[in-house]
Amino acid sequence: MNVVFRALVSTVLCHAVCAAAFAQGFTPEEAVKRMTVADGFSVKLFASEPDVRQPVSMTFDERGRLWVIQYLQYPHPAGLKALKVDRYLRTVYDKLPEPPPNGPRGVDRITILEDTNGDGRADKFKDFVNDLNLTTGLALGHGGVFVLQSPYLLFYPDRDGDDIPDGDPEVCLTGFGMEDSHAFANSLTWGPDGWLYGAQGSTVTANIRGITFQQGIWRYHPLTKEFELFAEGGGNTWGADFDQHGNMLAGTNYGNHAMLHQVQGGYYVKSFGKHGPLQNPHAYGFFNHVPHSNFKGGHVTIGGVVYQADSFPERFQNQYIAANVLSNAIYWHTIERDRSTLKNDFGGDLLLANDTWFRPIDCAVAPDGSVFIADWYDERANHVDPRDDWDKTNGRIYQLVADGTQPVKPFDLAKLTSLELVELLHHKNDWYGREARRILAARRDPAVIAPLKKIVLESEDDDLALRAFWMLYVSGGFNDTLAEKLLEHRSEDIRTWVIRLLGDTKQVSPVLHSRLLSLASTDASPTVRSQLACTAKRLPGEQALPIVREMLKQDADLDDPHIPLLLWWAVEDKAAVDRDLVLDLLAEPEAWKQPLVRKMIVERLAQRYAAAGEEADFESCARLLAMAPGAEETAMLIRGMEKGLQGSRRDTVPKALQQPLAKLWEQETPDPTLIRFAIRLGSKKARDEAMRQVVDNTTGVKTRLLLLQVLGQVGREEDAAQLLALLNDQTPAAVRGGVLQALQRFQSPEISRTVLQRYPAMSAALKSQARGLLCSRVAWAGELLKAVDAGKIPAKEVPNDQLQKIAFHKDESLNELIEKHWGRVVGGESPGDKAAKVHGIAVSVKLKAGDPLKGKELVVKTCLVCHTLHGEGKAIGPKLTDFDRKNTRFMLMNIVDPSAMIRKEYFMYTVITIDGRSVSGLIADSTPTTITIVDAKDQRTVIARDEIDEMVQQEVSLMPEKLLDGFTAQQVRDIVAYLQSDPPQPAKQDTSGE
């Protein structure tokens, strides 16, 4: 029995005494009493079980009543049979459900909550519609209710406003992904432009009117019935809002970030290894989250709102208030301008629940300026275990109120005249202006156009003018004449929005195009230029590319967080359909000197054409090489083309590039990038030159490693002998490591013999690489195990993860040798032993605190070789910073039994190639032509997809078992203490001047 188990098993007897200490879950009234709120605030219980359970989304109507989705069907849809579930919890069902009322009936419902006596507590509850089946979004407007029930966007008409649907719902859209209910389309939100915006999460794939996407922000127009993917990527988004400028801010499940700034046509960060590339394989870049300073809390920040009301203190005005599920808290974050985009900082705590069951999931600003909070209220916050064991008996809605907030008298905005609704633009709580805009968007009353136009053109309040402009637009008062005038407006926000709305028409008049072209070279606002780039992507090439040409001349945008990539995306969108116009951007030598062109266009354009790989694309590559004004520009093109060719192999050089390549090869000593490029094109001369330089000890180490990398992907079998000759003491260790990596491609039996012969003299790092190589083929693995069996290699030198790789070959003779020397390499302890160990450690941690400083030293050596915590370590496995680390038992279970509830994206994969090679690890990257596998030693192997014979999911973790064995009980407590510690906060600068 190991030392930890001996030390802790004796504590099991105190289970009955200590179990209550681990449990939480309070009555609604008790939960309120436990809450800590910021100074000057109080929290009130507005509604709770049994009237409201599992609230997931909410909105206020024109009478100030609260509409809530009760998400009781989660996580499995009613009436469907799961046929299979993949490693990301994506489920294939037996059929596509029909929409209501004909489809399967679930138990979700949309309920209207009303406080009829003004005491601050809901006392009237009415279901608008029930029997819904996984409903994740609602929006009121246009005489009814829009409802998201994947795969559908539905519209329930209620034109008489009696809170009873007039009939069966209309199907507005079909095709939202429904493979994983943790990532359904969600968060319906009206945009300032009258479009209905929504999000879709990470592990479902939508196909709507031929538009396919996973993560993203999409939009639907209720009048024109148009659908668009507004922006792609962003993670498992839940929650979206618009700030006072009309910027869209979306929630996120990525650590150390609070939001994304989603711009039109943008591509955003996603888990590329988990979900594959963006739908556009030629994006060649993406936007990350809004940079955040002093982040606090868990990695899930959702349901956020930009506070634009008047009851909270001034410091909260236009700042972001959002739920942090894993921290059981509501935080606020400051928002600042950062050139064309934003940055933010941690503002402070608004509400700390002091209750681990508090799971805030949505926020909404109320008519009185308070903030309502939907609390899922559950012990569980993770979705690792797909079993439907959520506690569906509870749920709460709280009201966060600032001192001095006055209740509002009963009202009904729908009864106001259109001109009275216009007056609500002046209300200090923007909720009223938004609600008025929503109502006017449905009325389309021409009576409001003249007064709104007057405000837009004459008001000295730019924020008021912008709100009036949005209201004018949704009322039908926008045309080319007004647009031409407003492109000269002093407000950068109005100019920005005019440009955006013009882009929605997909083509502009010659007069307006001339004005846009002028703004591209003269407008001083980064936000205007950013939208110009977005709009250019939407316009036809003959209008878009002149705008891009002017913007590429603006050196001021070189380091802008958004504009350079937006310009590339505008160019890429036209690269095939307007090929000649795109190439004309580089027709003049002067264009190649422009910093933005050099930074963003030249290499990417070369990569774009090489990756497409058709005859016309190689001809475009040849044209680019012919236009390049100098050696430096030629090198940029070659770098791009070499990237574009990764994962492809050719036997002969494409006709269009034969002459340009021959000219390039006239160099006395070809550059390694040129050699790599030529090898991928199919040049035998380049392969010979690569091998010559690799075996030459006078060649620099960096060059040799670059060439070894490409030979390991496209080398010939006869190259193996020369590579093996490099495994000697005269060859630098780094080069020998590169050789061992490259040799995976080859099959010669001489490889295992030579490697084992050289093995005793290798360093520990090289030995690890050598073993990894030998594990990759059955015959070689057999030679390795025979060497262990003969006593030539100590059994303790072969770690568990490499033994697992050998076991994945499923070869009986190999398994016998593994059992002989190591026993069971996976699941060696029984489930009961593991459960007892988890309980013992949990009780030990509860009874005696660990030292996080001492624990850090152990965590760095033990955990951070694969994980990151507080910015340290390697990002091979899940980020520990983002993990539900405060949940002690859940965390310990994942350490003691890492394969029991592993997140399926972290299951190991074994890739078996056509030539019999086996490579195991996590999928670190995925492109249309290659996959990259990373192992526990951070060794990465790139494999062309057309070389793969089979990909086998191994439902075990890359993380080894028995990780805590050998540590004392106190050391384990120290490890747990550091793993559960909060990130260090930067010291506050002294601004006193003393």
Cα gyration tensor of the stretch 416-478 diagonalised, 5x eigenvalues square-rooted, in angstrom largest first, produces semi-axes 15, 14, 9
For the stretch 156-232, just the Cα atoms, rotate onto the principal axes and tell me the three extents in Å, largest first. 38, 27, 21
Per 5 angstrom bin, beginning at 0 and ending with the bin that holds the maximum distance, the Cα pairs of the stretch 748-822 fall in percents of 3, 17, 33, 28, 15, 4, 0
Distance between modelled label sites at residue 816 and residue 944, nm, 7 Å Cα→Cβ extension: 3.9
Would you mind checking 792/937; 81/392; 225/270 for any pair whose Cα atoms are more than 26 angstrom apart? 225/270
Out of the stretch 355-453, which trypsin sites (Lys or Arg not before Pro) are coil in DSSP terms and have no more than 10 other C-beta atoms within 10 Å? 387
A correct Stokes-Einstein calculation for the stretch 434-533, using the alpha-carbon Kirkwood radius, 37 °C and 0.692 mPa s, returns a whole-number D in µm² s⁻¹ of 237
Computed from the coordinates I sent, volume of the Cα convex hull per residue in Å³ equals one of (1) 250; (2) 192; (3) 485. Tell me the label. (2)
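Find the Cα radius of gyration of the stretch 340-397, compare it with 2.2 N^0.38 Å by division, and give the number to two decimals.
Working: Rg = 15.1 Å, N = 58, 2.2 N^0.38 = 10.3 Å.
This ratio for the stretch 340-397 stands at 1.47.
Can you compute the helix-only [θ] at 222 nm over the chain? Use -39500 (n - 2.57) per DSSP H run of at least 4 residues, normalise by all residues, nearest 500 deg cm²/dmol.
Details: 33 runs with 341 residues, N = 994.
Dividing the helical sum by the residues of the chain leaves -10000 deg cm²/dmol.
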Could you calculate the contour length gain from residue 763 to residue 968, that is, 0.36 nm times the residue separation minus the distance between their Cα atoms, to one decimal place in nm? 70.8 nm
For the stretch 831-979, the Cα-Cα pair-distance distribution in 10 Å bins from 0, as whole percents, is 11, 37, 30, 15, 7, 1
Quick one: net charge of residue 849's neighbours, Cβ under 13 Å, K/R +1, D/E -1? +2
Rounded to the nearest 0.05, what FRET efficiency is calculated for residue 662 and residue 507 with R0 set to 45 Å and r the Cβ-Cβ distance? 0.55
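Can you give the Rg to Rh ratio of the stretch 35-402, both from alpha-carbon atoms, with Rh computed by the Kirkwood formula? Walk me through the numbers on the way to the answer.
Numbers: Rg = 19.2 Å, Rh = 20.6 Å.
Here the Rg-to-Rh quotient is 0.93.
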Cut-off 11 Å (backbone N to label point 7 Å along Cα→Cβ of residue 131), residues of the stretch 145-159: none
Could you sort 776-782, 568-574, 371-377, 760-766 so that the peptide with the highest average Cβ count within 10 Å comes first and the rest follow in order? 371-377, 568-574, 776-782, 760-766
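In what sequence, highest mean first, do 297-306, 477-486 appear when ranked by Cβ atoms within 10 angstrom? Don't skip to the answer; put the middle values down first.
Numbers: 297-306: 24.4, 477-486: 15.7.
In decreasing order of mean packing, 297-306, 477-486 become 297-306, 477-486.
So which chymotrypsin sites (Phe, Trp or Tyr not before Pro) in the stretch 309-349 pass both tests, a DSSP loop state and at most 10 other Cβ atoms within 10 Å of the Cβ?
Details: sites: 316, 320, 331, 332, 346; in loops: none.
Within the stretch 309-349, no chymotrypsin sites (Phe, Trp or Tyr not before Pro) qualify (loop, at most 10 other Cβ atoms within 10 Å).
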For a label point 7 Å along the Cα-to-beta-carbon line of residue 39, residues of the stretch 307-342 with backbone N under 16 Å: 313-316
Mean-position separation - Cα centroids, the stretch 306-351 and the stretch 185-263, in angstrom: 20
Quick check: pseudo-label points 7 Å beyond the Cα along Cα→Cβ at residue 709 and residue 615, how many nm apart are they? 3.4
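For residue 576, what is the net charge nearby, where nearby means another residue's Cβ is under 10 Å from its Cβ and Lys, Arg count +1, Asp, Glu -1? Provide the component values of the computation, followed by the final result.
On the way: positive: 574, 579, 608; negative: 572, 573, 578, 614, 617.
Around residue 576, the charge tally is -2.
Fewest Cβ neighbours within 10 Å first, please rank 431, 470 accordingly. Don't skip to the end; give the middle numbers.
On the way: 431 20, 470 26.
Neighbour counts put them in this order, fewest first: 431, 470.
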Interchain or long-range residues, amide H under 5 Å from residue 57's placed H: 69
log₁₀ I(q)/I(0) of the stretch 213-276 at q = 0.13 Å⁻¹, via Debye over equal Cα point scatterers, no solvent, to two decimals? -0.37
When 91, 205 are ordered from fewest to most other Cβ atoms inside 10 Å of their Cβ, what list results? 205, 91
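A short reminder: the numbers here are calculations on the coordinates, not readings from a lab. What you are looking at is a predicted structure, and each value in this text was computed from that prediction instead of being measured. A quick note on method: Cβ atoms are made from the backbone with ideal geometry, for glycine too, and the neighbour counts reach across all protein chains shown.
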